[in-house]
Amino acid sequence: MNVSCDDAVRLHVEERGVGIPVLLVHGFPHDHTLWAPQLGTPDGIARLIAPDLRGFGRSAWEGTEATMDRYADDLACVLEALAVPSAVVCGLSMGGYVALALWRRHPERVSALVLADTRAGADDDAARAKREELIHVARDEGAAAVAERMIEGMVGKSTRDRAPQISADVRTMLERQPVPAIVAALGAMRDRPDSRPTLATITVPTLIVVGEEDALTPPSEAQAMHAAIAGSRLEILAGAGHVSNVERPAAFNALLREFLAGLP
Ligand code: MLT
């Protein structure tokens, strides 16, 4: 289905299954197909809701600038449109940045959190400079050049060696994202606030998942979030890198299922 949150945007949303609403928030530069291994195996207890963030995938957008708050407000708008009062919000990487913004801005919409392969801190000066560089690459050379620079960090070494097709599929997803969405998201990530103070405010059940070989948001980041979120659970997936839900789908799905089954 499509959801219009303002005149400039029409968000594409995939839905599967029935049960506890789970909002799946993709990272950068992804679209809802990041969640294909979850959407493809409905587990009987979850209603999976996977939007394309503004400008990505099949979401049409005429704007040029984005913020984490804007993405989060879009997600609140999607839940409103679907008549879902609150959902388990599962965000991977940039999706995790958005999930934390959603918690800050619309806590009543968040019944639980899954923070996958993400971090709470803001960009430091070096990271901001890299965002600028990648903005130039996107504008001058296009999405395929961005994909070329990102693919090695995106998929763990074990997966690249064991299942090159997974790497190829992820690369295809990166390559097809529109340049305006890529540029806007890079600016949004560069300027995002430090979410570390937010962690202590989290009062909903929280599962933190990270691939052991995640080079972009390494396990140390997940451990720091785990230490700061009271009662959170941390799971480190061996043999997986940054897109752990794609690289170890059965293990990821089992963790998600167990987490959902244990919710009050
Ligand atoms: C992502 O996968 O969403 C990005 O790599 C996150 C980031 O660059 O900070």
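Details
- The single residue among ALA101, ALA147, ALA126 that is of a type in the set (A, V, I, L, M, F, W, C), open to solvent by 60 Å² or more (accessible area, probe 1.4 Å), within 15 Å of the ligand (Cβ to nearest atom) and part of a helix (DSSP H, G or I) turns out to be ALA126.
- For the stretch 203-217, taking the residues that are open to solvent by 10 Å² or more (accessible area, probe 1.4 Å) and farther than 16 Å from ASP124 by Cα, the one that is nearest to the chain's Cα centre (by Cα) is identified as ALA215.
- Inspection of the stretch 239-256 finds no residue satisfying the criterion of being away from the ligand (no atom under 16 Å from the Cβ), open to solvent by less than 70 Å² (accessible area, probe 1.4 Å), aromatic (Phe, Trp, Tyr) and assigned to a helix (DSSP H, G or I).
- For the stretch 66-98, the tally of residues that are β-branched (Val, Ile, Thr), within 18 Å of ALA185 (Cβ to Cβ) and surrounded by fewer than 24 Cβ atoms within 10 Å (Cβ to Cβ) stands at 2.
- Answer residue from the stretch 20-53, given it is free of Cβ contacts under 8 Å to residues at least 40 places away in the same chain and of a type outside the set (Lys, Arg) and is most open to solvent (accessible area, probe 1.4 Å) among those: PRO42
- Test: SER195 is under 18 Å from VAL88 (Cβ atoms), in contact (Cβ under 8 Å) with a residue 40 or more places away in the chain and crowded, with 20+ Cβ neighbours inside 10 Å: no
- Output for the stretch 1-39, where each listed residue is among the acidic types (Asp, Glu) and away from the ligand (no atom under 16 Å from the Cβ): ASP6, ASP7, GLU14, GLU15
- If only residues of the stretch 105-123 that are part of a loop (DSSP other than H, G, I, E, B), within 12 Å of the ligand (Cβ to nearest atom) and not acidic (Asp, Glu) are counted, the one that is surrounded by the most Cβ atoms within 10 Å (Cβ to Cβ) is THR118.
The values are calculated or read from the model by the stated rules, or taken from the named source; none is laboratory data. Just so it is clear, the model here is predicted, and its values are computed rather than measured. Cβ coordinates were reconstructed from backbone atoms using ideal geometry, including for glycine residues, and neighbour counts include every protein chain displayed. Remember, those area values only see protein heavy atoms, side chains included, never the ligands or the DNA or RNA. Shrake-Rupley method; radii C 1.70, N 1.55, O 1.52, S 1.80 Å.
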